[in-house]
Amino acid sequence: MSALDWKNTVLLDGKAVAAHRRARLASEVLEFRAKSGRAPGLAVILVGDNPASHIYVKNKIKACEEAGIASFHIPLAATVTQEELHKEIEKLNTRNDVDGILVQLPLPKGLNETAALETIAPHKDPDGLTSGNLGLLLAGRKRVAPCTPFGVMKILEHFQIALEGKKAVVVGRSNIVGKPMSLLLQEANATVTMAHSRTKDLASVTREAEIVVVAAGQPRFLGREAFGKGSVVVDVGIHRVPASETLLIGGKKSSICGDVRYEELLGHVQAITPVPGGVGPMTIQMLLENTLTLSKLGASL
Ligand code: NAD
């Protein structure tokens with residue numbers, strides 16, 4: 001294991017893993033372009049003017065450019081109807097230069113997100129969130145896995161954290177993170193327990209685990225009491241801290257925090273993903289990698 005050591009706890013630096021993978025991806029994209037005569041293409045549909053979504057879309061488009069992936073930005077007015085949105089998606093489903101379609105969430109009130117996602121052809125779904133792709137994952141025949149849990153797996157792989165036969169707990173059972181995370185950990189031969197908002201005495205469950213992935217969306221709600229000594233902790237949560245409560249973590253100011261009280265775990269757990277700089281940078285990287293995977297499948301390369 002190689003990483004910054006601080007009080008004997010390894011920081012699982014997702015930003016560094018993403019940078020490392022991005023360099024390799026760029027050369028794989030070049031290879032695809034040479035063989036197929038075109039760039040892999042990702043279309044991003046942004047409905048309305050949610051400022052956070054604008055930033056996410058901008059970052060995704062920039063990351064595409066850096067990797068040599070063509071991006072198509074499709075802005076739609078917040079007043080778009082469900083039917084009009086589906087028509088846009090259906091047009092993209094048939095375009096030969098588009099390998100992946102992303103509908104930036106959340107959609108404005110009144111639009112049905114599940115119906116919109118299900119309109120994406122599963123073979124053009126780089127988020128892996130259509131029921132077709134989630135079904136394949138469940139059946140052990142995955143095409144692409146949802147980006148955030150897939151990114152967690154790649155961080156664990158990079159730092160050579162063994163999973164086979166290990167006790168893992170996933171906190172959270174959303175379709176985007178918790179459920180696919182548990183399937184990926186099982187696929188890697190871990191023994192997986194799922195915990196959620198109705199789990200009784202959560203800390204007694206997580207304390208028994210050798211690996212804990214926390215994706216509950218509750219700012220800083222688990223601390224040292226919830227983790228066994230020497231365990232590995234992956235903190236998926238991302239929360240903006242109000243300016244009045246800016247945190248000082250490891251001597252650094254932070255306006256972003258996770259689901260875990262990170263500073264309490266240094267020196268207690270074997271390894272932990274920091275927030276920011278842990279799981280977040282991997283999510284966008286896996287989106288790009290999944291887009292290339294779909295491009296290759298589409299071109300039968
Ligand atoms: P969600 O709200 O859809 O699901 C949260 C899950 O946590 C639910 O299944 C719920 O049962 C469980 N939960 C809630 N409170 C709990 C509690 N007190 N104890 C135990 N379980 C509890 O959220 P999500 O979309 O899965 O996202 C989870 C977190 O991960 C959020 O903070 C989100 O911002 C973050 N996230 C980060 C990335 C990334 O790229 N790093 C990507 C997606 C989500």
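Using DSSP to call loops (not H, G, I, E or B), can you name the trypsin sites (Lys or Arg not before Pro) in the range 1-81 whose Cβ has at most 12 other Cβ atoms within 10 angstrom?
The qualifying sites are Lys7.
Within the chain, what is the longest stretch that has no GluC sites (Glu not before Pro) placed in a DSSP loop and near at most 14 other beta-carbon atoms within 10 Å? Please list the in-between numbers first.
Details: sites that count: Glu164, Glu208.
Within the chain, the longest run free of exposed GluC sites (Glu not before Pro) spans 1-163.
I'd like the orientation of helix 147-158 relative to the chain: the angle between its Cα long axis and the longest Cα principal axis, in ° from 0 to 90, rounded to 10.
50
So what is the relative contact order of the range 146-280, in percent, for Cα pairs below 8 Å that sit 6 or more residues apart?
Values: 274 pairs, mean separation 29.5, N = 135.
Result for the range 146-280 is 22 percent.
From Cα pairs below 8 angstrom and at least 6 apart in sequence, can you work out the relative contact order of the chain, rounded to a whole percent?
Once divided by the residue count of the chain, the mean separation gives 21 percent.
Taking the number of other C-beta atoms within 10 Å as the exposure measure, put Ile238, Ile45 in order starting with the fewest.
Least crowded to most crowded, the residues run Ile238, Ile45.
If you line up the long axis of helix 280-298 against the longest principal axis of the chain, both from Cα atoms, how many degrees apart are they, to the nearest 10?
Value to nearest ten degrees: 40.
May I ask you to evaluate 6.51 cos²θ - 1.76 cosθ + 1.60, the Karplus curve with θ = phi - 60°, for each residue of the range 99-111 and list the ³J(HN,Hα) values in order in whole Hz, giving x for glycine and proline?
Each residue of the range 99-111 in turn: 9, x, 10, 10, 9, 5, 9, x, 7, x, 3, x, 9 Hz.
On a 0 to 90° scale, report how tilted helix 14-36 is relative to the longest principal axis of the chain, with both axes built from alpha carbons and the result rounded to the nearest 10.
Taking the Cα atoms of the chain, the angle to 14-36 is about 20 degrees.
Taking loop as defined by DSSP and a crowding limit of 13 other beta carbons within 10 Å, which trypsin sites (Lys or Arg not before Pro) in the range 167-241 fit?
Sparse-neighbourhood loop trypsin sites (Lys or Arg not before Pro): Arg198, Lys200, Lys229.
Using a/c under 1.5 as the rounded threshold, could you call the range 38-121 rounded, prolate or oblate? The axes a ≥ b ≥ c are square roots of the C-alpha gyration tensor eigenvalues, and prolate needs a/b larger than b/c, oblate otherwise.
oblate
From the cross-link list Lys154/Lys200; Lys58/Lys142; Lys124/Lys296, which pairs have alpha carbons spaced over 19 Å apart?
With Cα atoms farther than 19 Å apart: Lys154/Lys200; Lys58/Lys142.
What are the ³J(HN,Hα) values, in whole Hz, obtained from phi via the Karplus relation 6.51 cos²θ - 1.76 cosθ + 1.60 with θ = phi - 60°, for each residue of the range 192-197 in sequence order, with x given for Gly and Pro?
Working through the residues one at a time gives 10, 10, 9, 10, 7, 5 Hz.
Rule-based calculations on the coordinates, nothing more; no lab input. These numbers come from a predicted model, not from an experiment. All Cβ positions, glycine included, derive from the backbone under ideal geometry; neighbour counts span all protein chains shown.
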